[in-house]
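The values are calculated or read from the model by the stated rules, or taken from the named source; none is laboratory data. Here the structure is a predicted model, which means the values were calculated and not measured. All Cβ positions, even for glycine, are placed from backbone atoms using ideal geometry, and neighbour counts span all protein chains on display.
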Amino acid sequence: MIDAVERVTGRIRFSQDASLPGMLHAAAVRSVVPHGRIARIDTAAALEVPGVVAVVTGEDLRRLPGLRPVYGPQIEDQPVVALDCVRYVGDIVALVAAETLQAAQEAAALVAVECEELPAVFDPLEALEPSAPLLHELEPERPHEGTALYFGIRPQFGTNCCNLFRIRRGDVARGFAEADLVIEETFRTPAIQHVAMEPHAALALWEDGRLTVWSGTQTPFNTRQILAEIFGLPVERVRVIVPPMGGSYGCKVFPRIEPQAALLAYVTGRPVKFVLRRDEEFVTLTRHATVVTIRLGLTRDGRITAKEVRAYWNTGAYADCGPDVARKGGFGIVGPYRIPHVAVDSRCVYTNLPPAGAFRGYAVTQAAWASESMMDIAADALGLDPLEFRLRNLLRDGETFATGETLHDVHFAECLERAAAAIGWEGPWRHELGDGRVRAKGLAVVLKGMTTPSRSEAKVGIDRSGRVTVYSSTVELGQGARTVLAQLAAEALGVPYQEIRVVDPDTARTPFDNRTTSSRSTYMMGNAVRQAALALRERLLRIAAERLEVEQADLELMDGSVRVAGAPASALKFGELVEASRQEALVEHGEFRNQGGLDPDTGQGIASSHWHQGAGAVEVEVDTRTGKVTILHAHASVYAGQVVNRHTAELQNLGNIVFGLGSALFEELVYEQGQLVNPNLSDYLIPSFLDLPERMTHDLVERPGAEIHGLGETALPTIPAAVGNAVARAIGARVTELPLTPERVLRAIRARGGERG
Amino acid sequence: MEQSITIELNGERRALTVRTDATLLEVLRDGCGLSSVRETCGIGICGACAVLVDGVPISSCLLLAPLADGCRITTVEGLSRGDELHPVQRAFIEQMAFQCSYCTPGMVLSAVALLAEHPDPSPEEIAEYLAGNLCRCGSYPRILAAVSDAARLMRQASR
């Protein structure tokens with residue numbers, strides 16, 4: 001990485017390290033009830049704490065003229081501070097700004113909130129009952145005024161469903177009629193948390209009616225837009241600057257704490273910094289808990305005739321990007337298979353739990369848990385090898401997906417075969433060690449879309465010193481964006497990438513980009529940077545050709561200069577060419593778009609301009625006496641197309657495997673009547689060195705000349721499903737709910753014993 | 001309440017006035033401007049705030065600053081000499097043993113302490129020793145390789 005020295009010396013500055021003279025510190029007062037009407041808030045004692053400058057409640061917010069107090073990326077349902085109602089334990093009821101963090105936190109604890117409790121609902125299926133309390137009253141005439149509406153969403157008015165996404169392809173009734181065998185099963189996943197090591201941190205400053213926010217966010221432009229709407233400003237008066245992040249994995253997608261920091265800065269007229277405590281992180285954003293029921297029609301020879309899916313995504317108290325998660329999960333659950341008749345109803349449902357949103361794998365982990373478990377159940381029911389059964393049904397190049405789009409550059413079978421080979425699939429899939437321990441293997445294969453439509457722009461410039469600078473709004477969250485974008489510019493310009501400067505995202509300086517999500521950046525922004533760099537190369541060649549009085553075709557770029565091919569003496573340094581052009585700098589612009597979109601009622605259209613494809617394979621050992629699962633070998637094979645940087649690519653794959661193992665084996669947010677009982681790293685475990693599998697391997701499937709395929713997420717969703725399939729094979733019973741804790745595994749073993757006995 | 005303490009911080013004697021309830025983490029980070037010392041869990045589980053106190057890795061979020069009085073404290077800022085990186089840091093770069101690198105300073109310090117105790121650790125010993133340092137990016141395999149490399153480099157250098 002070009003910033004490696006900064007990183008190992010600790011000199012790198014994250015948003016948590018941002019500070020300004022005279023800045024205040026923020027603390028939040030949070031709801032202790034899951035649903036309630038706010039009766040009274042007493043801030044008197046809090047205001048007495050020395051150093052406290054302001055306490056802001058919903059009532060204050062409402063009194064501020066010209067402010068829009070409610071925001072959201074897809075549905076405007078989240079107040080900056082609770083207005084009349086609290087909707088989950090952890091909802092922000094008041095905000096405090098003080099000279100020190102200690103004073104702010106002390107004061108926050110002294111704010112007295114009286115709430116009339118309302119009935120609460122936590123389960124997405126219960127939340128859809130007619131008798132369930134409604135969390136929001138979405139209005140048909142204003143279903144959404146959000147700003148990220150790159151797709152239609154379908155709230156079901158008068159219910160807690162904030163989006164119903166459907167796929168209708170063929171006729172499932174006919175498909176089931178044609179089947180020799182119809183199977184049905186329901187699968188569940190819990191809410192989990194991202195646990196980025198660096199918490200959410202934002203610093204807000206108002207100057208002359210302009211707002212500047214430093215924040216670790218994956219979405220600088222969405223955040224700018226939403227802040228502008230809240231404060232009634234043109235977007236040009238809001239500036240979002242994004243330092244590198246100490247991890248995100250989706251939790252820093254869309255505004256999280258920026259509106260709150262900006263509000264306090266607005267009220268106090270001072271810069272305000274807001275950093276979340278770890279327990280607050282846990283109630284700020286989660287991965288959607290899901291309930292998914294799949295019905296599959298099968299022929300004896302191992303073909304899938306029909307698939308019917310009912311999926312429920314528990315989005316908690318605020319929609320955030322849940323509507324889109326339900327959509328992406330909706331087609332994700334179909335899986336990379338040839339199925340003539342498909343019907344999917346995917347519902348995003350409000351409940352009185354912390355909001356759920358983007359999470360590495362974006363719906364596909366939950367989708368694959370259900371659909372890839374179901375594939376193994378189907379193979380067992382048909383008496384087929386799960387690998388062979390999948391290979392018979394996997395989509396091949398030029399075939400049509402359930403959305404009606406034709407897939408190209410398809411490598412599902414290759415990924416799966418490679419993964420299977422890596423763990424020695426042809427060998428016995430299960431063997432008993434004789435002492436209660438059983439070893440078994442499992443597979444999974446996934447498809448994952450990339451945000452479509454979307455757009456990335458970049459600028460690449462050279463100044464009179466010859467220094468190349470890349471201007472890009474792709475954020476650096478550890479994936480190595482700075483390095484990879486520098487490499488792509490360097491390739492076009494013939495300079496060492498280590499000498500290229502990459503400007504961190506700053507909406508006032510770096511051009512537009514949709515966001516750093518969806519494993520899209522190396523491909524989308526990479527292409528924008530490449531285009532800009534190639535345009536710059538052209539310009540340099542033109543200037544040099546003129547100066548040297550030769551044809552452009554006779555020139556080459558080498559070591560920061562342009563020269564007649566093979567004639568070093570003719571070299572003109574980049575800086576000289578800039579000077580010759582009589583400009584301070586030469587700057588070129590690049591833009592890359594992908595196009596498509598789905599009809600929300602039929603799911604037909606273009607879901608993704610190209611597809612992330614991957615397969616996972618694991619060998620586990622289950623101790624049937626204790627239910628403990630040990631991972632002996634985990635492998636992921638991922639389609640990469642073209643690899644730009646082997647180090648960062650490998651780190652993504654390995655990281656995804658580790659991340660997936662946490663989700664497979666132990667990560668789970670546990671709620672008791674809406675109260676999170678494990679909001680800390682002692683009770684909520686993430687993988688440590690001691691949780692690594694005995695063997696961990698991966699491979700990147702490459703094709704010369706192919707498109708770059710992002711690798712930030714693809715391997716992750718394969719892992720829990722592959723582990724689940726291996727465990728099911730080991731114990732002869734299916735655990736349908738993640739994570740695969742010893743308790744759940746043991747219960748499944750005992751239930752099986754009961755059946756047999 | 002405040003109290004005066006004297007510590008040796010990265011080889012420099014420092015007299016500080018600290019709140020009696022301030023953690024060493026707060027004092028190093030906010031008081032001394034050492035932003036490599038980072039808080040993640042706040043309860044001594046993750047190792048992101050690890051510093052060496054008299055050569056021993058300690059979660060600075062759990063140590064009250066007054067208790068560090070008279071101690072020798074090393075943060076990652078104190079490891080490199082000018083531009084010359086510590087062999088552990090060099091090995092981390094060579095293996096690219098990080099993604100976001102938020103945990104890296106704590107990892108590096110724990111590895112330095114490990115190698116001071118065990119110059120030739122097995123991969124199992126490294127994993128065991130570093131189990132108190134979490135890396136959410138999951139760069140663990142690379143970190144194990146980096147620590148092994150560093151051990152080899154340091155053994156060769158001391159020969």
Matching residues in the stretch A:42-58 - criterion: being farther than 20 Å from A:Arg270 by Cα and surrounded by fewer than 21 Cβ atoms within 10 Å (Cβ to Cβ): A:Asp42, A:Ala44, A:Ala45
Odd one out for B:Ala91 among (1) more than 7 Å from chain A (Cβ to nearest Cβ); (2) surrounded by fewer than 22 Cβ atoms within 10 Å (Cβ to Cβ); (3) small (Gly, Ala, Ser): (2)
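When you look at A:Ala261, is it surrounded by 24 or more Cβ atoms within 10 Å (Cβ to Cβ), touching a residue at least 12 places away in the same chain (Cβ under 8 Å), of a type in the set (Gly, Ala, Ser) and in a helix (DSSP H, G or I), yes or no? Don't jump to the end; show me each part of the working.
Numbers: surrounded by 24 or more Cβ atoms within 10 Å (Cβ to Cβ): yes; touching a residue at least 12 places away in the same chain (Cβ under 8 Å): yes; of a type in the set (Gly, Ala, Ser): yes; in a helix (DSSP H, G or I): yes.
When the stated conditions are applied, A:Ala261 passes them.
Return the total of residues in the stretch A:735-753 being assigned to a loop (DSSP other than H, G, I, E, B) and surrounded by 21 or more Cβ atoms within 10 Å (Cβ to Cβ). I'd like the intermediate steps shown before the answer.
So the first thing to find is which residues in the stretch A:735-753 are assigned to a loop (DSSP other than H, G, I, E, B), and the list is A:735-736, A:738-741.
If we keep only those that are surrounded by 21 or more Cβ atoms within 10 Å (Cβ to Cβ) too, we end up with A:735, A:738-740.
Residues flagged as assigned to a loop (DSSP other than H, G, I, E, B) and surrounded by 21 or more Cβ atoms within 10 Å (Cβ to Cβ) within the stretch A:735-753 amount to 4.
Return a yes/no flag: does the stretch A:473-493 have any residue that is in contact with a His (Cβ under 6 Å, 6 or more places away or on another chain) and either on the phi > 0 side of the Ramachandran plot or at pLDDT 95 or above (or both). Walk me through how you get there before you give the answer.
Initially, the stretch A:473-493 is screened for residues in contact with a His (Cβ under 6 Å, 6 or more places away or on another chain), giving none.
The answer is no; no qualifying residue exists.
Quick one: would you say A:Trp369 is assigned to a helix (DSSP H, G or I) and not acidic (Asp, Glu)?
Working: assigned to a helix (DSSP H, G or I): yes; not acidic (Asp, Glu): yes.
So A:Trp369 fits the description; yes.
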Given (1) crowded, with 24+ Cβ neighbours inside 10 Å; (2) more than 14 Å from chain B (Cβ to nearest Cβ); (3) out of contact with any Asp or Glu (no Cβ under 6 Å at 6 or more places or on another chain), index of the condition A:Arg501 fails: (1)
Close pairs (8 angstrom Cβ cut-off, 6 or more residues apart or separate chains): touching a residue at least 12 places away in the same chain (Cβ under 8 Å) and under 15 Å from A:Gln260 (Cβ atoms) in the stretch A:16-45, part of a loop (DSSP other than H, G, I, E, B) and of a type in the set (A, V, I, L, M, F, W, C) anywhere: A:Val29/A:Val111; A:Arg30/A:Val89; A:Arg30/A:Val283; A:Ser31/A:Ala82; A:Ser31/A:Val89
Residues of the stretch B:14-28 that turn out to be among the polar types (S, T, N, Q) and at the interface with another protein chain (Cβ under 9 Å from one of its Cβ atoms), as a count: 0
Candidate set from the stretch B:65-85 (those that are of a type outside the set (S, T, N, Q) and free of Cβ contacts under 8 Å to residues at least 60 places away in the same chain); member that is farthest from the other protein chains (Cβ to nearest Cβ): B:Leu67
Selection count, the stretch A:453-508, where residues are closer than 16 Å to A:Tyr523 by Cβ and of a type in the set (Ser, Thr, Tyr): 6
Single condition B:Met1 does not satisfy, out of (1) modelled with pLDDT of 95 or more; (2) touching a strand residue (DSSP E or B) at 6+ places or on another chain (Cβ under 9 Å): (1)
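For the condition surrounded by fewer than 23 Cβ atoms within 10 Å (Cβ to Cβ) and either over 17 Å from A:Gln102 (Cβ atoms) or away from every other protein chain (no Cβ under 14 Å) (or both), what is the one hit in B:Gly47, B:Gly55, B:Gly42, B:Gly31? So that I can check it myself, show each step before the final result.
Working: B:Gly47 fails: surrounded by fewer than 23 Cβ atoms within 10 Å (Cβ to Cβ); B:Gly42 fails: either over 17 Å from A:Gln102 (Cβ atoms) or away from every other protein chain (no Cβ under 14 Å) (or both); B:Gly31 fails: either over 17 Å from A:Gln102 (Cβ atoms) or away from every other protein chain (no Cβ under 14 Å) (or both).
When all the criteria are applied, what remains is B:Gly55.
Which of the residues belonging to the stretch A:188-204 are buried (at least 21 other Cβ atoms within 10 Å of the Cβ) and part of a strand (DSSP E or B)? Even if it seems obvious, please write down each step before you answer.
Taking the stretch A:188-204 and keeping what is buried (at least 21 other Cβ atoms within 10 Å of the Cβ), we get A:189, A:191-204.
Selection gives A:Thr189, A:Ile192, A:Ala201, A:Ala202, A:Leu203, A:Ala204.
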For A:Glu491: the one exception among (1) outside the structural domain of A:Arg327 (by TED's automatic domain parsing); (2) of a type outside the set (A, V, I, L, M); (3) part of a loop (DSSP other than H, G, I, E, B): (3)
Residues within the stretch A:502-521 that are of a type in the set (Ser, Thr, Tyr) and over 15 Å from the mean Cα position of the chain (by Cα), tallied: 2
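Give A:Glu417, A:Glu457 a once-over and let me know the one that is part of a helix (DSSP H, G or I) and at pLDDT 95 or above. Step through it out loud before you land on a result.
On the way: A:Glu457 fails: part of a helix (DSSP H, G or I).
That would be A:Glu417, the only listed residue that is part of a helix (DSSP H, G or I) and at pLDDT 95 or above.
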Qualifying residue in the stretch A:289-309 (condition: part of a helix (DSSP H, G or I) and surrounded by fewer than 24 Cβ atoms within 10 Å (Cβ to Cβ)): no
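Quick grid of which residues meet (1) in contact (Cβ under 8 Å) with a residue 24 or more places away in the chain; (2) surrounded by fewer than 21 Cβ atoms within 10 Å (Cβ to Cβ):
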residue	(1), (2)
B:Leu109	yes, no
B:Leu115	yes, no
B:Pro119	yes, yes
B:Ile126	no, no
B:Ala131	no, yes
B:Cys137	yes, no
B:Arg142	yes, no
B:Val147	yes, no
B:Ala151	yes, no
The stretch B:94-133: number of residues that are within 9 Å of chain A (Cβ to nearest Cβ), over 23 Å from A:Ala649 (Cβ atoms) and either outside any loop (DSSP other than H, G, I, E, B) or among the acidic types (Asp, Glu) (or both): 9
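Just to be sure before I move on: is A:Leu83 surrounded by fewer than 24 Cβ atoms within 10 Å (Cβ to Cβ), touching a residue at least 60 places away in the same chain (Cβ under 8 Å) and in a loop (DSSP other than H, G, I, E, B) in the structure I sent? Full working, then the answer.
Working: surrounded by fewer than 24 Cβ atoms within 10 Å (Cβ to Cβ): yes; touching a residue at least 60 places away in the same chain (Cβ under 8 Å): no; in a loop (DSSP other than H, G, I, E, B): yes.
When the stated conditions are applied, A:Leu83 does not pass them.
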When residues of the stretch A:380-399 are limited to those that are free of Cβ contacts under 8 Å to residues at least 60 places away in the same chain and aliphatic (A, V, I, L, M), the one nearest to A:Ala730 (Cα to Cα): A:Leu387
Pairs with Cβ under 6 Å, 6+ apart, first in the stretch A:543-562 and among the hydroxyl-bearing types (Ser, Thr, Tyr), second in a loop (DSSP other than H, G, I, E, B): A:Ser561/A:Ala571
Segments classed as strands (runs of 3 or more DSSP E), wholly inside the stretch B:1-59, with at least 3 members that are of a type outside the set (A, V, I, L, M, F, W, C): B:2-9, B:12-19
Any chance A:Arg482 is charged (D, E, K, R) and more than 14 Å from every other protein chain (Cβ to nearest Cβ): no
Number of the condition not met by A:Pro243 [criteria: (1) within 14 Å of another protein chain (Cβ to nearest Cβ); (2) at positive phi]: (2)
Unique match (being under 25 Å from A:Phe282 (Cβ atoms) and out of contact with any Pro (no Cβ under 8 Å at 6 or more places or on another chain)) among B:Gly31, B:Gly42, B:Gly47: B:Gly42
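Can we say B:Gly11 is touching a helix residue (DSSP H, G or I) at 6+ places or on another chain (Cβ under 8 Å), within 26 Å of A:Ala4 (Cβ to Cβ) and either within 14 Å of another protein chain (Cβ to nearest Cβ) or surrounded by fewer than 24 Cβ atoms within 10 Å (Cβ to Cβ) (or both)?
Details: touching a helix residue (DSSP H, G or I) at 6+ places or on another chain (Cβ under 8 Å): yes; within 26 Å of A:Ala4 (Cβ to Cβ): yes; either within 14 Å of another protein chain (Cβ to nearest Cβ) or surrounded by fewer than 24 Cβ atoms within 10 Å (Cβ to Cβ) (or both): yes.
The answer is yes for B:Gly11.
Does A:Gly170 satisfy being more than 14 Å from chain B (Cβ to nearest Cβ) and either on the phi > 0 side of the Ramachandran plot or among the aromatic types (Phe, Trp, Tyr) (or both)?
Here the answer is yes, as A:Gly170 does meet what is asked.
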